[in-house]
Amino acid sequence: MNYILFDGPARNALLPFTFTRPVADIRVGILTIREKWERYLGSTTTTITEEYLSEKFPMVEMEENVLINASWLPNEVLAEMVKNLEPRQAIFKGDEVIAFFTEDTQEEVDFDSYDVIEYEEEGISITKPWHIFQKNDAALREDFELLTDDRKSQPIPASVNVIASENIFIEEGARLEFVTLNASTGPIYIGKDTEIMEGSVIRGPFALCEGGQVKLATKVYGATTVGPHSRIGGEVSNSVLFGYSNKGHDGFLGNSVLGEWCNLGADTNNSNLKNNYEEVKLWSYETGSFVKTGLQFCGLMMGDHSKCGINTMFNTGTVVGVSANIFGAGFPRNFVPSFSWGGASGFTTYLTKKAFETARIVMSRRNVEFDEKEASILEHVFEITKEWRKE
C-alpha cells in the first residue's frame, strides 16, 4: 500500500515550525511523526503539503493510496486500523478525519459516501505548538517502547550513578561517565554516537538522539528531547530540540521548543511562568493574535535558523519566527517575526543574502549542504512573513 501523510487543518496553527517542514516532520517524543508512522506501518511515506515545500518533501501517488492526517501520532491500534482500510473507508475521531482510502480513479473524496470507522481511543494529536512539549512525556514513553522492544541495551558504565536501570537504553557508540541517570520517573534513551559529559544529572523521561551532546554538569528534568546532532547545557526542563540546534551553555530553557539550526547564546534564559501566575497566551499565526494556551507554564517557541546572543532574556510565551537574529539588553517582545534583526530596542529586516551566508556556514560545520531547495523555502518564508515585520 502507498501511504501519504497530509498536513491537515492543524498546519497553520503549528507555525512557525511548519514554515519549513510538513506537519509529519515535527519531532515529538524520540522520533518525528513521519518516522513513527513508517515504523508502525513498515513502509515509507510521502507528503501532501504546501507547494513551496513540495520539492523537498514530494508526494507520490499510486493506484491505491491511504492518506493519513499527520497531526495524529500512531500507536499499535491506530496503525492496524490504517493498514486494514479498504476502498471507500475512512477513520474518524469525532468530526476529524484521521485516515482514508483513495483510488486514482476518484475525482473527489466525498466522505458521505464512505464507510466511517470511529477511532475510539484517546490517542495523541499535535495541533498547537505547545503540544510538542506538553505531550512529549507520553510520546517519549511510547517511542521508547517502540525502539527498544526485543533489543538489548549497551551496558551502563560502572561510573554512572543510576536509578531504575531497567528503564535506560543505550545505543552503540554512546559515551557517558560519572553522570547521574534517574529513570524512576520515566525512560531514558541515549542514542547512537552521543555524549553525556561528566557531572550531568538527568531525570527521565529523556531522549538524546543520534550525535547529540549533553555538556558538563547539565541538569535535565521534565520530559525532554534533544534531537539529532543537538547540544544542551545548563538547565533544561520539559523541552524539545528538533535537531542540529544548540543550547550549549548555562542558562534556563523550560517548556520550550526549538526548531532546527537554532543557537542560544551563553546565559540565555527564558521565563516559563508569569509573575502573576496567570494563563500564558501565545502568538498565533492562524488568528494573527495572541491566543490562550490553557497552560500556566509555557516558554519559548523558536523557528528554524533563528539565533540569539549572550544573556538574551525571553519573556513567558515568546514566539520567534524563522531566521531571526536577536541580541542586546532587555526583553525582546514576545512575538519576533521571521527574518528580524535586533532586540528590545527594535528590529530591522534580516535580509536573505546575509541570513543565507550564516546558514551556509552553520550547516557546513555539520557537513550538511545549504542547497537551492533550502534557499527557495526560506525565500518563500521571507516573502509570506513580510506583513509581520515593521520596516
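Just so it is clear, none of the values below were taken in a lab; they were calculated from the coordinates. None of the values given here were measured: they were computed from a predicted structure. Here Cβ is always computed from backbone atoms with ideal geometry, including for glycine, and neighbour counts include all displayed protein chains.
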Task: Net lengthening on full extension, R333/N12 (0.36 nm per residue, minus Cα-Cα) - done: 113.4 nm
Task: Stretchable slack from E177 to V77, in nm (0.36 nm times residue separation minus alpha-carbon distance) - done: 32.1 nm
Task: At R0 = 56 Å, FRET efficiency that the Cβ-Cβ distance of K386 and R151 yields, to 0.05 - done: 0.70
- [ ] Starting with the highest mean, order 210-218, 25-33, 60-68 by the number of other Cβ atoms within 10 Å, averaged over the residues of each peptide.
- [x] 25-33, 210-218, 60-68
Task: Mean shadow area of the range 334-387, taken as a quarter of the surface of its Cα convex hull (nm²) - done: 4.4
- [ ] Could you tell me whether the range 132-256 comes out rounded, prolate or oblate from its Cα gyration tensor? Rule is a ≥ b ≥ c as square roots of the eigenvalues, rounded for a/c under 1.5, then prolate if a/b exceeds b/c, otherwise oblate.
- [x] rounded
Open item on the list: Taking amide H atoms as placed 1.01 Å from N in the peptide plane, list the residues 5 or more away in sequence, or in a different chain, whose amide H sits under 5 Å from that of S338.
Closed with: G321, V322
Task: Taking all pairs of distinct alpha-carbon atoms in the range 303-378, Kirkwood radius in angstrom - done: 12.9
Task: Hydrodynamic radius (Kirkwood) for the range 37-78, which is based on Cα pairs only, to one decimal in Å - done: 11.7
Task: Neighbourhood net charge (15 Å Cβ-Cβ; Lys/Arg +1, Asp/Glu -1) for N12 - done: -2
Task: Amide H within-cut-off set for K93, under 5 Å, with H built and near neighbours excluded - done: I98, Y119
TODO: Give me the distance in nm between label points sitting 7 Å out from Cα along the Cα-to-Cβ direction at V201 and E122, one decimal.
DONE: 3.1
Task: Inter-label distance, nm, simple model (7 Å from Cα along the C-beta direction), L216/E86 - done: 6.5
TODO: Please list the non-local residues whose amide H lies under 5 Å from the amide H of T47, H modeled 1.01 Å from N, same-chain partners needing a gap of 5 or more.
DONE: L5, M59, V60
- [ ] Could you run the Karplus curve 6.51 cos²θ - 1.76 cosθ + 1.60 with θ = phi - 60° over the range 43-59 and give me ³J(HN,Hα) per residue in whole Hz, x for Gly and Pro?
- [x] 8, 6, 9, 10, 9, 9, 8, 5, 4, 6, 9, 6, 5, 7, 10, x, 10
- [ ] Using θ = phi - 60° and the Karplus relation 6.51 cos²θ - 1.76 cosθ + 1.60, list the HN-Hα couplings for the range 179-192 in order, rounded to whole Hz, with x at every Gly or Pro.
- [x] 10, 10, 10, 10, 9, 6, 9, x, x, 10, 10, 10, x, 4
Task: Option label - semi-axes √(5λ) of the Cα gyration tensor in Å computed here, alternatives [x] 32, 28, 19; [y] 37, 33, 24; [z] 39, 23, 21 - done: [x]
Task: HN-Hα J in Hz across the range 5-16 - Karplus 6.51, -1.76, 1.60, θ = phi - 60°, x for Gly and Pro - done: 8, 10, 5, x, x, 7, 3, 5, 5, 9, 4, x
Task: Full-stretch length increase - N276, E107 - with 0.36 nm per residue and alpha-carbon distance subtracted - done: 55.4 nm
Open item on the list: For the range 1-53 and the range 271-333, what is the centre-to-centre distance using only Cα atoms, to the nearest Å?
Closed with: 24
Open item on the list: Can you compute the helix-only [θ] at 222 nm over the chain? Use -39500 (n - 2.57) per DSSP H run of at least 4 residues, normalise by all residues, nearest 500 deg cm²/dmol.
Closed with: -4500 deg cm²/dmol
